[in-house]
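J.: Before we start, here is the structure in question, set down as structure tokens.
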Amino acid sequence: MHDKSIPFEATIRWIKKETRDTATYALKINSREIQRTYTFKPGQFNMLYIPGIGEAPISISSAPTDHEIMHTIRIAGDVTTYISRLNAGDVIGVRGPFGSSWPLEEIEDRDLMIIAGGVGIAPLRSVIRHILMSGGGKKSPSRTPIGKKFILYGAKTPKDMIFRDEFPRYMDAFQVFLTVDKADPEEYWRGEVGLITGLLNKVSFNPLNTVVFTCGPEVMMQSMTKDLILRGVPGEKIFISMERNMNCGMGVCGHCMFGPKFVCKDGPVFRFTDIEGFLGVKEI
């Protein structure tokens, strides 16, 4: 097992531009020994390291069975700005994986609703790809049987939609509902226009048999969680991925304290009922 406190080298295999400020980077671990021992679960993250610049926590947006480790990165600071200038063939430092994962055991024989806003779709893409690559959740001796599967995704504009070209493939296994806050008249957009909370009115689901995975702006998750509970979804069946102030990734520096918990170590995926008293509080 490799030491998570020490960065290892990975080479960028390819880069896919998603939006004006976001791209997906596919990494291949350089060390064969680490390749053999490195594993992750959907929802976990890596610390991406640039010598002389620093490191940043980035969610893994690939499935565990993908050939490369993918990170979908929005430019938001020194490290991500530097990464945005790299090319295929360049080498980057990686530490991880860290954090909790989406509780896939919770969705057995239940309906799954994935709700994401903006770049919050990145850590949920790992779940989506995992389900698609395992037969869409159909029952077999090696697969977890899942009921209905929904994706609700919102972005500011059509141009800000992450993985926009992938949603048609998701429709093979999921009912997909998309919305944007605003659509330019000159843009070709056939989806909904309005807040993501409005998409719940489009979905026919049994609240008592539904598990929710959500990630995005905190104000969106607060509003959506409130609506879901009002519709009868149990709070303990709602799981939220937080992305607050992570620094070391190991619960050592205390930078991401979230009430009595560390986002990097106890999260980033939390059961709603475990953090409902802290959600929405800017600094704790």
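Values in this text are rule-based calculations from the coordinates and carry no lab data. What you see is a predicted model; the values in this text were computed from it and never measured. Glycine gets a Cβ as well: all are built from the backbone with ideal geometry, and neighbour counts include every protein chain shown.
J.: Number of Lys-Lys pairs in the stretch 104-241 under 28 Å by Cα, sequence gap 8 or more or different chains?
T.: 28
J.: Next up: Which of the peptides 77-90, 115-128, 158-171, 37-50 is most tightly packed, and how do the rest follow, judged by the mean count of other Cβ atoms within 10 Å per residue? Display every interim value, and only then the final one.
T.: Values: 77-90: 13.9, 115-128: 25.2, 158-171: 16.4, 37-50: 20.5.
So the peptides 77-90, 115-128, 158-171, 37-50, ranked by packing, come out 115-128, 37-50, 158-171, 77-90.
J.: A further question on this structure: Rounded, prolate or oblate: which fits the stretch 104-241, taking a ≥ b ≥ c as square roots of the Cα gyration tensor eigenvalues, rounded meaning a/c under 1.5, else prolate when a/b beats b/c?
T.: Details: a/c = 1.97, a/b = 1.33, b/c = 1.48.
Oblate.
J.: For K159 and K202, what does the FRET efficiency come to when R0 = 25 Å and r is the distance between their Cβ atoms, rounded to the nearest 0.05? Can you show the working numbers first?
T.: Numbers: r = 23 Å, r/R0 = 0.91.
With a Förster radius of 25 Å, E is 0.65.
J.: Same structure, new question: Once you place label points 7 Å from the Cα toward the Cβ at I6 and V219, how far apart are they in nm?
T.: Simple spin-label model gives 4.6 nm for this pair.
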